[in-house]
Amino acid sequence: MKSLVRELKLLCDNFPLTEKIIIVDSFLIGEQINEAYNLQGYHSINLKFKTAFDLAVETTELHAISSGKILDPTIAEQMMYSLLEHLKAESRLDYFSGMEITPTFSKSVYATIRQLRGAGYTKENFPFDAFLSKSKADDLHTILKKFESLLERSKLMDEAAVFLTASEFVNKRDDLVYILQSNLQLTYVAEEFIKQLLPENTYKLPLAQVRGVQTVEKSGIRSISWGDTSTLSYIYDLENAQEKPELAYFTAKTEELEIKEVLERIKSSNLPFDQNVVYYTNSESYVTLFYHLAQQIGIPLTFGEGFPISFSRPGRLVSGLLKWFQTNYSVQPFLDLLQEGLIDIGDEASSKGKIAGYLRELQIGWSKQRYLVKLDEEMRTLEKALETAEKEEKMAHLTKQLNDLNWLSKWFQAIFKRLPEYDSQINYRSFLEGIAYLLRNSCATKSGMDEVGKTTILDTIEKVLPYANEVLSSYEIVEKVKDLLLSLRIKQSKAKPGHLHVASYRSGVYNHRANVYIVGLDNRHFPGTTSEDPLLLDRERKALGRNIPVLQNTGQENLYLMNQLLAHASGPVTVSYCHFDIHNNRAVSPAHLFLQLYRYGTGIHEADFKELKNLPSYLTARKVIENKDYWNRLLSDESKKVLDSELLSHYPNLEYGLKSEKYRQAPEFNEYDGFVQVEQEALDPRLNKEERVSAAKLEALAKCPYSYFLKNVLRVRPIEHIEYDPYRWLDAATRGSLLHSIFEKFYKEIKVEKPSVKAHENTIQTIAGKLIDRQKVLIPPPNERIFAKEVDDILACCTIFLKEEETHSKSYRPLHFEYAFGVRDYEPAVITLPSGDTIHVAGMIDRVDEADSGDYHIIDYKTGSTYSYNNRDIFKGGRQLQHMLYALAIEQHLQLESGKVQESAYYFPTVKGMATRVTRKQDDVVRTNGLDILERLIDVLKSGTFTMTDDENDCKFCDFKAVCRRKFYDKDVLDVKQMDQNFEELRRFKGVRAYD
Ligand code: SF4
């Protein structure tokens with residue numbers, strides 16, 4: 001910056017009182033130049049910084065009487081989207097006729113039209129010949145024509161129109177001194193305007209020389225004026241370099257460690273934050289990390305490019321609302337909004353926990369209507385209960401619940417009025433208005449950044465509303481809102497006193513902070529290349545000329561920019577990169593510039609990439625910046641650590657964890673592996689006759705005693721949400737019980753008649769139709785297509801069932817359906833175990849048939865897969881007991897003679913199951929073995945030896961994987977534990993597995 005400041009000083013001295021205008025690319029650059037000038041102790045009078053666009057606007061406003069309003073780019077993109085939709089609907093596009101009009105596509109088209117107009121091309125002088133495809137040229141001409149007439153009709157002026165209008169009225173001003181920034185980024189129309197504006201004598205601010213890097217040729221007012229060289233002018237001209245640069249380099253395993261190392265170096269330098277600047281090559285990787293770290297440890301930071309809007313609560317609220325809408329207003333995304341504190345439902349509402357409880361209990365699942373219907377139903381139920389309640393306490397409780405639900409229902413009614421139905425054609429404007437309503441009335445803001453986020457979103461919506469006329473599908477509307485609102489950035493800032501500034505290197509050419517850190521100098525992010533733009537290929541860009549950039553030069557431009565930044569650096573420079581890509585689990589190489597800087601700094605000109613591997617690299621932060629750095633350091637150091645008791649006393653959970661780890665690694669079976677001191681009188685059904693066993697519970701116990709303990713003793717439950725699935729109507733359990741109901745109702749309807757396809761096809765289909773309709777009211781399908789598909793499948797299952805029943809009924813007749821015992825008011829079945837003790841059993845048998853022989857045959861409908869059932873494995877190591885238990889239970893319950901039930905069958909009357917019957921003969925061996933299994937399992941309950949399953953296949957679909965952490969056991973240790981000689985019951989349990 002020395003040459004630049006010197007030149008500016010000269011000009012200010014030569015024209016002390018004359019108005020001096022420096023034409024810059026942006027105000028930020030203007031401010032940077034001004035600060036660099038002032039920092040040298042210089043001051044000026046009448047020095048102004050203006051962009052070419054400011055000057056054009058001033059000229060237009062001064063002279064053009066009927067100039068229109070300036071077009072905002074957000075509105076322009078919206079207008080382009082609508083315009084393309086119209087052209088497509090009217091079949092006026094040829095080359096782009098197959099393209100879906102998405103926000104991304106319309107944005108790209110707008111960028112192309114903007115470039116063409118910036119190059120001075122209009123519908124009159126459209127350069128058809130520059131395009132490789134005639135139909136593309138025709139389409140772009142049509143779009144351009146339409147866009148121009150839209151601007152005219154709406155009395156709007158885009159940037160090109162402003163420059164063209166200004167050019168008509170521009171006057172040269174000899175009374176002003178114009179000074180140009182070097183390397184001005186001007187479109188063709190801007191350049192033409194500036195050319196007309198400038199008097200004979202103009203001046204240009206020089207840049208420090210960049211040696212050995214080719215710059216893209218620019219002439220005239222866009223050219224670069226070269227000043228003196230600096231130490232870092234010679235990065236690519238090492239032979240001629242004369243001074244030793246102040247360079248430092250390091251690499252890190254992750255980007256997080258990279259920025260922590262930067263902070264550590266800043267700290268050790270003892271320099272104030274505002275004498276340092278960090279430039280990154282990639283915003284995504286570094287901005288988030290810097291932001292979170294700054295939040296945690298309170299470093300004052302300014303961000304040149306700001307943050308994504310999603311860092312603010314309003315941004316997250318919009319994102320959550322879109323998810324809520326996309327899932328057809330499923331309860332869970334709403335609860336997420338509530339629990340994260342993003343949606344504010346007012347002080348009168350009951351607690352978040354209670355609301356979550358109500359919404360889950362009511363089994364709302366999804367859809368706007370279901371919230372209101374279910375809340376209403378529950379309120380009616382509560383009102384009835386209130387009428388009959390006698391105790392005051394009960395009445396107060398019911399009244400409170402009623403008030404809560406009433407309030408909730410009104411709140412949802414108000415909200416849903418503003419939000420569209422899912423899966424309908426939606427008016428874009430109303431949708432945006434709905435979001436704005438929620439932001440104004442229900443958005444929780446807790447910081448200045450939240451307020452900025454909210455205002456930014458509301459302003460953007462306000463701008464677009466007058467042009468948001470289209471009707472879109474649910475999918476399109478979500479994409480459009482995401483593109484409009486979630487791509488916003490907030491809190492862009494210049495470097496401020498007292499703050500460390502973090503920005504893209506592209507904005508760093510005029511930096512004047514002494515200490516520069518450049519992070520992300522790896523070859524993925526720097527110099528970067530841009531692939532061809534299919535809308536304007538490089539060959540077409542070259543043919544079009546007129547300052548339209550050629551994308552193949554992007555890498556070269558970036559390299560020059562970075563070198564220019566370095567050439568201007570006045571103090572030490574530290575460069576770094578992250579040498580490992582965690583997401584793709586692979587090593588990352590440095591950028592060539594990094595190597596070149598290394599060669600320059602070390603003086604080893606022949607150094608190659610291999611040598612960079614010796615650079616300092618950190619696996620953990622060198623100094624503790626946040627808590628986890630301390631622990632990471634301990635973890636990465638392989639030497640054995642003993643955490644002293646004083647330290648552990650501050651972390652009781654850690655202490656528990658270490659203890660449990662120790663016990664879990666011990667060979668003995670202990671309380672950390674499922675050994676529980678139980679109250680035998682309560683858990684053992686032989687002692688506690690109130691404790692009724694069921695087939696499902698016993699099978700679960702046999703599958704994994706530990707999961708039984710979690711579920712039935714500790715009563716741990718996973719939170720169950722009914723989730724909206726756009727590709728499915730009924731979950732497996734609901735579909736199964738619907739089929740059960742159809743089969744039961746069918747037999748009840750035909751009474752004593754034998755089922756026949758010919759006679760009863762209509763009957764079963766009608767029954768199915770009615771029950772399906774009832775189910776549809778309870779659970780609305782995501783759409784009619786999915787509904788029709790699932791209905792077809794259910795009807796096909798009915799046909800399969802009927803056919804199979806026709807054959808089956810030749811030798812059997814049904815006696816009982818849904819035969820219950822031990823549930824509701826039904827007496828339990830009593831089964832006598834080999835020890836002579838009895839247990840009480842509860843259950844519900846789908847069907848009991850009588851064979852021609854007079855024997856009984858138990859049927860259990862299965863609507864899932866046949867995978868786990870075969871004719872060989874009778875008990876599957878205790879996991880299939882129902883067939884035997886039901887045989888014993890019904891014989892006792894109906895007071896039948898022993899052996900009356902000859903068979904139990906698992907019956908699969910479904911399309912996938914192909915009416916398979918897996919039959920288990922209930923002979924003496926099966927009964928004897930089955931009873932032995934029961935006794936052994938009940939001994940597990942009595943002894944509290946809730947060991948984990950010995951077969952990891954049982955864990956595949958287990959809800960408790962995250963709780964039990966079986967996979968952390970060493971396999972051999974677990975085997976030893978499960979055979980612990982001190983526990984006879986463990987071996988008895990192993991004996992259960994012996995029964996195939
Ligand atoms: S994950 Fe496996 S061991 Fe753990 S509770 Fe579930 S079935 Fe048992």
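The values are calculated or read from the model by the stated rules, or taken from the named source; none is laboratory data. All figures in this text were calculated on a predicted structure; none of them were measured in a lab. Counting neighbours? That spans all protein chains shown, and the Cβs are built from the backbone with ideal geometry, glycine included.
Listed values, structure above:
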read-out	value
Failed criterion for residue 891 (all others in (1) under 55 Å from the mean Cα position of the chain (by Cα); (2) surrounded by 16 or more Cβ atoms within 10 Å (Cβ to Cβ) hold)	(1)
Matching entry among 408, 398 (being of a type outside the set (Ser, Thr, Tyr) and either more than 35 Å from the chain's Cα centre (by Cα) or closer than 30 Å to residue 466 by Cβ (or both))	398
Residue 673 being within 16 Å of the ligand (Cβ to nearest atom) and acidic (Asp, Glu)	yes
Any hit, the range 367-390, residues being touching a helix residue (DSSP H, G or I) at 6+ places or on another chain (Cβ under 6 Å) and β-branched (Val, Ile, Thr)	no
Matching residues, the range 795-815, being assigned to a strand (DSSP E or B) and touching a helix residue (DSSP H, G or I) at 6+ places or on another chain (Cβ under 8 Å)	814
Matching entry among 933, 874 (being in contact with a helix residue (DSSP H, G or I) (Cβ under 7 Å, 6 or more places away or on another chain), within 30 Å of residue 668 (Cβ to Cβ) and more than 16 Å from the ligand (Cβ to nearest atom))	933
Meets criteria (crowded, with 20+ Cβ neighbours inside 10 Å, more than 9 Å from the ligand (Cβ to nearest atom), more than 32 Å from the chain's Cα centre (by Cα) and over 21 Å from residue 684 (Cβ atoms)) for residue 977	yes
Only one of 500, 551 that is more than 29 Å from the chain's Cα centre (by Cα) and at pLDDT below 95	551
Residues of the range 34-65 classified as out of contact with any helix residue (DSSP H, G or I) (no Cβ under 8 Å at 6 or more places or on another chain) and closer than 14 Å to residue 160 by Cα, total	1
Extreme residue, surrounded by the fewest Cβ atoms within 10 Å (Cβ to Cβ), among residues of the range 124-145 that are closer than 18 Å to residue 76 by Cα and not hydrophobic (A, V, I, L, M, F, W, C)	145
From the options 543, 567, residue that is closer than 30 Å to residue 134 by Cα and touching a helix residue (DSSP H, G or I) at 6+ places or on another chain (Cβ under 6 Å)	543
Within the range 680-722, tally of residues that are in a helix (DSSP H, G or I), more than 13 Å from the ligand (Cβ to nearest atom) and either farther than 20 Å from residue 820 by Cβ or of a type in the set (Gly, Ala, Ser) (or both)	6
Selection count, the range 435-454, where residues are closer than 16 Å to residue 311 by Cα and surrounded by 14 or more Cβ atoms within 10 Å (Cβ to Cβ)	10
Output for the range 945-962, where each listed residue is touching a residue at least 12 places away in the same chain (Cβ under 8 Å) and either farther than 23 Å from residue 973 by Cα or away from the ligand (no atom under 16 Å from the Cβ) (or both)	959
Sole exception among (1) surrounded by 12 or more Cβ atoms within 10 Å (Cβ to Cβ); (2) at pLDDT 90 or above; (3) farther than 26 Å from residue 361 by Cβ for residue 632, by number	(2)
Number of positions in the range 666-692 that are among the charged types (D, E, K, R) and surrounded by 13 or more Cβ atoms within 10 Å (Cβ to Cβ)	6
Residues satisfying the stated conditions in the range 750-776, i.e. over 18 Å from residue 808 (Cα atoms) and modelled with pLDDT under 90	776
Cross-chain or 6+ apart pairs with Cβ under 9 Å, the range 396-408 first and without any contact (Cβ under 8 Å) to a residue 24 or more places away in the chain, then exposed (fewer than 14 other Cβ atoms within 10 Å of the Cβ)	398/383; 402/383
Residue among 918, 925 that alone is of a type in the set (A, V, I, L, M, F, W, C), farther than 25 Å from residue 861 by Cβ, more than 16 Å from the ligand (Cβ to nearest atom) and without any contact (Cβ under 8 Å) to a residue 60 or more places away in the chain	925
Single match in 297, 235, 266 (criterion: within 30 Å of residue 583 (Cβ to Cβ), buried (at least 20 other Cβ atoms within 10 Å of the Cβ) and β-branched (Val, Ile, Thr))	266
Answer from 878, 843 - the residue that is within 52 Å of the chain's Cα centre (by Cα), farther than 29 Å from residue 748 by Cβ and buried (at least 22 other Cβ atoms within 10 Å of the Cβ)	878
Which listed residue is in contact (Cβ under 8 Å) with a residue 40 or more places away in the chain, in contact with a Pro (Cβ under 7 Å, 6 or more places away or on another chain) and basic (Lys, Arg), from 446, 454, 494, 482	454
Evaluation of residue 431 against (1) under 26 Å from the mean Cα position of the chain (by Cα); (2) more than 23 Å from residue 338 (Cα to Cα); (3) not assigned by TED's automatic domain parsing to the domain that holds residue 571 (one fails), failing number	(2)
The range 204-233 - residue that is touching a Lys or Arg at 6+ places or on another chain (Cβ under 7 Å) and outside any loop (DSSP other than H, G, I, E, B) and, of those, nearest to residue 23 (Cα to Cα)	221
Verdict on residue 673 being more than 30 Å from residue 798 (Cβ to Cβ) and part of a loop (DSSP other than H, G, I, E, B)	yes
In the range 635-665, residue surrounded by the most Cβ atoms within 10 Å (Cβ to Cβ) [restricted to those that are part of a loop (DSSP other than H, G, I, E, B) and among the hydrophobic types (A, V, I, L, M, F, W, C)]	643
The range 567-584 residues that are crowded, with 24+ Cβ neighbours inside 10 Å, paired with ones that are among the charged types (D, E, K, R) and assigned to a helix (DSSP H, G or I) (beta carbon under 6 Å, 6 or more apart)	576/258; 578/255; 578/258
Which numbered condition residue 751 fails, given (1) surrounded by 15 or more Cβ atoms within 10 Å (Cβ to Cβ); (2) at positive phi	(1)
